[in-house]
1. Could you please find all residues in the stretch 241-276 being in contact with a helix residue (DSSP H, G or I) (Cβ under 7 Å, 6 or more places away or on another chain) and of a type in the set (D, E, K, R)?
2. Out of all the residues in the stretch 219-237, is one or more surrounded by fewer than 17 Cβ atoms within 10 Å (Cβ to Cβ), of a type outside the set (Val, Ile, Thr) and at pLDDT 90 or above?
3. Quick check on my filter: what residues within the stretch 84-94 are in a helix (DSSP H, G or I) and surrounded by fewer than 18 Cβ atoms within 10 Å (Cβ to Cβ)?
4. Regarding residue 207, is this residue in a helix (DSSP H, G or I) and either modelled with pLDDT of 85 or more or touching a Lys or Arg at 6+ places or on another chain (Cβ under 8 Å) (or both)?
5. Residue under question is residue 126, and the condition is that it be buried (at least 19 other Cβ atoms within 10 Å of the Cβ) and in contact with an Asp or Glu (Cβ under 7 Å, 6 or more places away or on another chain); does it hold?
6. Which one is nearest to residue 20 (Cα to Cα) among residues in the stretch 142-156 that are assigned to a helix (DSSP H, G or I) and within 23 Å of the chain's Cα centre (by Cα)?
7. Looking at the stretch 119-141, which of the residues that are part of a loop (DSSP other than H, G, I, E, B) and in contact with a Ser or Thr (Cβ under 7 Å, 6 or more places away or on another chain) is farthest from residue 244 (Cα to Cα)?
8. Of the residues 19, 52, 72, which is at pLDDT 95 or above and out of contact with any His (no Cβ under 9 Å at 6 or more places or on another chain)?
Amino acid sequence: MALYTLAMAGGAIAYVPFLTVLLPVRISGMAGDSDVQWLAYVTFTGAIAASLGNIAFGWLSDITGSRRMWILAGLVLSSILLVNFAHVERLNTLIALILAWQLSLNMMLGPLGAWAGDCVPDHQKGMLGGLLAFSPALGALSGAFITLPGLAGPDTRLWLVAVLVCVCVLPVLLFGKPVKFPELHDSAAPVQMTAEQSRRARRLVVRMWVARLLIQISEAALFAYLYFWFRSVDTAMGPSNTAQVLSLVLVAAIPAAMITGKWADRQGRPIFPLAVCAAFSSIGLAAMAVSFSLTTAIAAYVVFGLATTVFLSLHTGQTLRVLPKPHRRGRDLGLFNLTNTGPSLVMPWIVLALVPVFGFPILLALLACLTLAACVLLLTLGDLR
């Protein structure tokens, strides 16, 4: 699991610094005053390609019965395409290369995400989810590292990202020797589920999907606009301060997720911590909606950010536990991945429609209701094991 955790962190490093720092800077230099509009076009088309690629390549890895081959191919192709952004001079070419890069990146990410479902037993899924909290933290730290003043120029930074990704992903491909657990595959599955068991399995999957979608909507809404919200509370809050708060939350979420995941494994209650995290996300958002000082605003965001990060990490591990068809694990995980990309496509427009008219408190109150609904969906499952 250590090698797998490192590889998943490499997956985050592959896209976080590029999409949040390197790509916007490159578009700004090419598009001038139209940079925001072109960034929206690139982000929108890239998210669609990522969604389709994750499903398609996860499914192909199911069909071929090999995850490792697709992960390696995606690693090589995405790295080659990434460094070639240095040679792009036209915006239309940039969009085409983004589409190809997103597809090749998800050729790696789709099978990599499903691989853990093949090799990590259910009683360790909580610990797996806790370890996955390293991914967003290392993704953010890699962005800070490659942009250190004097370390590298714009083109060299692309090479740095590619090298970091290879260093993280290759060890699990070269040295990882996962043990296959028969109970995780169809060959050891029960001959036939009862009608009640089948209904409950479908209900659990649907509620897990919807709950993650509701949490991701809140996360996506604040991802791009957190700085503006802090500024609306206190103009003294600058971008550096905002970045420090974000880093604090991501780093603190690592031990919180690991402890919570380990508890879930020991107690045999994988869903209950998700419901608790969703409840705290709602509390944090409600507190943010009524915050009128910078101190309370930061404290409220820390509650929301910690709960949300832990929820998303643990949810990823437990999703592998509840997917109904082991032989289509990659495809189904790709469908769950739509909860990650979908909100990013629609939330910016909802924010722009609400905030100028009603302000941030109304938006935050709406998001608090959505995360509370996620909590209720999970709590009302009846059997939270």
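1. 262, 265
2. No; the residues of the stretch 219-237 include none that is surrounded by fewer than 17 Cβ atoms within 10 Å (Cβ to Cβ), of a type outside the set (Val, Ile, Thr) and at pLDDT 90 or above.
3. From the stretch 84-94, those in a helix (DSSP H, G or I) are 84-87, 91-94; that's our starting set.
Within the stretch 84-94, 84, 86, 87, 91, 92, 93 meet the criteria.
4. Numbers: in a helix (DSSP H, G or I): yes; either modelled with pLDDT of 85 or more or touching a Lys or Arg at 6+ places or on another chain (Cβ under 8 Å) (or both): yes.
Considered against the rule, which asks whether it is in a helix (DSSP H, G or I) and either modelled with pLDDT of 85 or more or touching a Lys or Arg at 6+ places or on another chain (Cβ under 8 Å) (or both), residue 207 comes out as yes.
5. Numbers: buried (at least 19 other Cβ atoms within 10 Å of the Cβ): yes; in contact with an Asp or Glu (Cβ under 7 Å, 6 or more places away or on another chain): yes.
When the stated conditions are applied, residue 126 passes them.
6. Restricting to residues being assigned to a helix (DSSP H, G or I) and within 23 Å of the chain's Cα centre (by Cα), the top hit is 143.
7. Within the stretch 119-141, the first condition is being part of a loop (DSSP other than H, G, I, E, B), and the residues that meet it are 120-121, 132-133.
Restricting the remaining residues to those that are in contact with a Ser or Thr (Cβ under 7 Å, 6 or more places away or on another chain) gives 132-133.
Working: 132: 21, 133: 18 Å.
The extreme case among them is 132.
8. After ruling out the rest, the residue left standing is 72.
The values are calculated or read from the model by the stated rules, or taken from the named source; none is laboratory data. Predicted, not measured: the structure shown is a model, and the values here were computed from it. Counting neighbours? That spans all protein chains shown, and the Cβs are built from the backbone with ideal geometry, glycine included.
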